[in-house]
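Nothing in this text is a laboratory measurement; each read-out follows from the coordinates by a stated rule. Just so we're clear, the structure is a prediction, and the values are computed from it rather than from any experiment.
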C-alpha cells in the first residue's frame with residue numbers, strides 16, 4: 001500500500017534559498033511542497049488554508065518573524081510540525097522556538113541527505129536539532145533563564161517506564177532505538193512519550209527533554 005507524501009510549506013524571505021529548498025524537497029518522493037511564502041503573516045494564512053504536515057520556517061524575516069508565526073501555527077493546528085531552518089544558533093532563539101511549539105531547529109548548512117533524515121524523523125514523531133544547536137540547548141539547561149516561556153511542570157507523576165523512556169529520549173535515541181533498548185514496540189514508546197507530554201502539558205518531545213534535564217529527572 002502506497003503512503004501519501006508529507007505536505008510541506010516553505011517559509012523564507014530569501015527567494016533564492018526558498019526556491020532552491022523547494023526544488024530540493026521536490027526530488028524526495030516522501031515529501032511534497034504545496035506552498036512557498038516569504039513572510040510570517042502569509043505563512044499563517046497559507047498554513048490555515050493548506051493544513052500542511054510540515055512547515056520549514058525561517059527565524060528572522062521582515063515583518064512578522066518565524067518565532068511568532070510558529071506560535072500561531074502550532075496553536076491553531078497542533079498536528080502541524082514546524083522546523084526552524086536558520087543561520088542563527090542563538091540560545092534564546094532556539095529556546096523560544098521550542099517554547100512556541102517548533103519540533104526542530106536546524107542549520108541551513110545541513111547537507112541535503114542529513115536534512116532529509118532529520119525531516120523524516122520529525123514526521124515519525126522525533127525531534128530535529130543540528131549538532132551545534134543541540135549543544136547550545138544543552139548548555140542552557142542549567143541556566144536560570146533556560147527554557148523561559150515554556151510551560152511549567154505539573155500534573156501527574158511519571159511511571160517508572162515513562163522515566164526509562166525519558167532517559168533514552170534525552171540521550172538522543174530515536175523511537176525505534178528506544179523500543180529496541182527497552183524490548184518494547186515503537187508504538188508503545190510513542191504512547192509513553194505522548195502520556196508524558198499530556199501530563200506536563202507540553203507540545204513536543206524537545207520541550208520534554210529540556211525540562212527532564214533542568215528538573216533533574218534524568219542525568
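The value of relative contact order for the range 6-140, using C-alpha pairs under 8 Å at least six residues apart, is 20 percent.
Averaging sequence separations of C-alpha pairs under 8 Å and six or more residues apart, then dividing by the length of the range 160-214, give the relative contact order as a whole percent.
34 percent
Whole percent per 5 Å bin, from 0 to the bin with the longest distance: what is P(r) over all C-alpha pairs of the range 6-140? Each 5 Å bin holds this share of Cα pairs: 2, 11, 24, 27, 22, 12, 3, 0.
In terms of overall dimensions, the C-alpha atoms belonging to the range 160-214 reach 26, 19, 18 Å along their principal axes, ordered largest to smallest.
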